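J.: Sharing a structure below in structure tokens format, with a few things to ask.
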Amino acid sequence: MTRPILYVHGYGSSGNTDTAINLRRILGDGFDLVSPTYDGSKPLEAAQILEQALTQLHAQYAPVKPVVVGTSLGGFFANYLALTADVDAVIVNPSLRPSASLHKYGEGPDVLAAYQALEQRIDLSPHRPQRIVVVGTRDDVVD
């Protein structure tokens, strides 16, 4: 049985990041890894793109639920999807509160407010899926 994985890249990256390419290679044929590109400066649109990709993966592999894997800002979105769509996630060096951390990249008040709205959806989620969080001490982006 093939296991579907949604990989969510970090801020300023793309779905064709080396991480996605390496994960596909390492995981091999037993996994279908999908990695859409989103713009971290458009959080509501990003959430919609990722929700759509997750829905498509779930429909394709039902009844098997996809696992979401995310790094950095992708870790935020992986956590968001885990809690709002009730799927399991692996979250690596996540940006847990982008509404506070993305200002250093020049994101304006509208973008930060949109992230804050997404953060509130996480806080209010009734779901509590399995999540594995991996935190490294040598991340050059996330404190």
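The values are calculated or read from the model by the stated rules, or taken from the named source; none is laboratory data. Here the structure is a predicted model, which means the values were calculated and not measured. Backbone-built Cβ (ideal geometry, glycine too); neighbour counts: all protein chains shown. Each accessible area value is taken on the protein alone, full model and side chains, heavy atoms only, with ligands, DNA and RNA left out. Shrake-Rupley method; radii C 1.70, N 1.55, O 1.52, S 1.80 Å.
J.: Mind counting the residues in the stretch 1-20 that are more than 13 Å from the chain's Cα centre (by Cα) and either at pLDDT 95 or above or part of a loop (DSSP other than H, G, I, E, B) (or both)?
T.: 6
J.: Further question on the same structure: Farther than 18 Å from Q116 by Cα, open to solvent by 60 Å² or more (accessible area, probe 1.4 Å) and out of contact with any His (no Cβ under 8 Å at 6 or more places or on another chain): does that describe Q56?
T.: Yes; evaluated as a whole, the condition is true for this residue.
J.: Only one residue in A82, A47 is among the small types (G, A, S), touching a Lys or Arg at 6+ places or on another chain (Cβ under 6 Å) and touching a residue at least 24 places away in the same chain (Cβ under 8 Å). Which one?
T.: Result: A82 is the single residue among A82, A47 that is among the small types (G, A, S), touching a Lys or Arg at 6+ places or on another chain (Cβ under 6 Å) and touching a residue at least 24 places away in the same chain (Cβ under 8 Å).
J.: Also: In the stretch 88-100, which residues are open to solvent by 20 Å² or more (accessible area, probe 1.4 Å) and assigned to a loop (DSSP other than H, G, I, E, B)?
T.: Taking the stretch 88-100 as the starting set, the residues that turn out to be open to solvent by 20 Å² or more (accessible area, probe 1.4 Å) are 88, 90, 92-93, 96-97, 99-100.
Matches in the stretch 88-100: D88, N93, L96, R97.
J.: Find all pairs meeting these conditions: Cβ atoms under 7 angstrom apart; at least six residues apart or on different chains; first residue within the stretch 89-118 and polar (S, T, N, Q); second residue at pLDDT 90 or above and in a strand (DSSP E or B).
T.: N93/T71
J.: Go through A85, A46, A62 for me and flag whichever is open to solvent by less than 50 Å² (accessible area, probe 1.4 Å) and modelled with pLDDT under 95.
T.: A85 is the lone residue from the list that is open to solvent by less than 50 Å² (accessible area, probe 1.4 Å) and modelled with pLDDT under 95.
J.: Same structure, new question: Counting only residues that are open to solvent by less than 30 Å² (accessible area, probe 1.4 Å) and in contact (Cβ under 8 Å) with a residue 60 or more places away in the chain, which one in the stretch 1-31 is farthest from R97 (Cα to Cα)?
T.: Selected residue: P4.
J.: Step by step: first the residues of the stretch 114-140, then only those that are in a loop (DSSP other than H, G, I, E, B) and open to solvent by less than 60 Å² (accessible area, probe 1.4 Å), then the one that is modelled with the highest pLDDT. Which residue is that?
T.: Taking the stretch 114-140 as the starting set, the residues that turn out to be in a loop (DSSP other than H, G, I, E, B) are 125-130, 135-140.
Filter again for open to solvent by less than 60 Å² (accessible area, probe 1.4 Å), leaving 125, 129, 136, 139.
Working: S125: 65, P129: 67, G136: 70, D139: 61.
Checked the stretch 114-140; the qualifying residue modelled with the highest pLDDT is G136.
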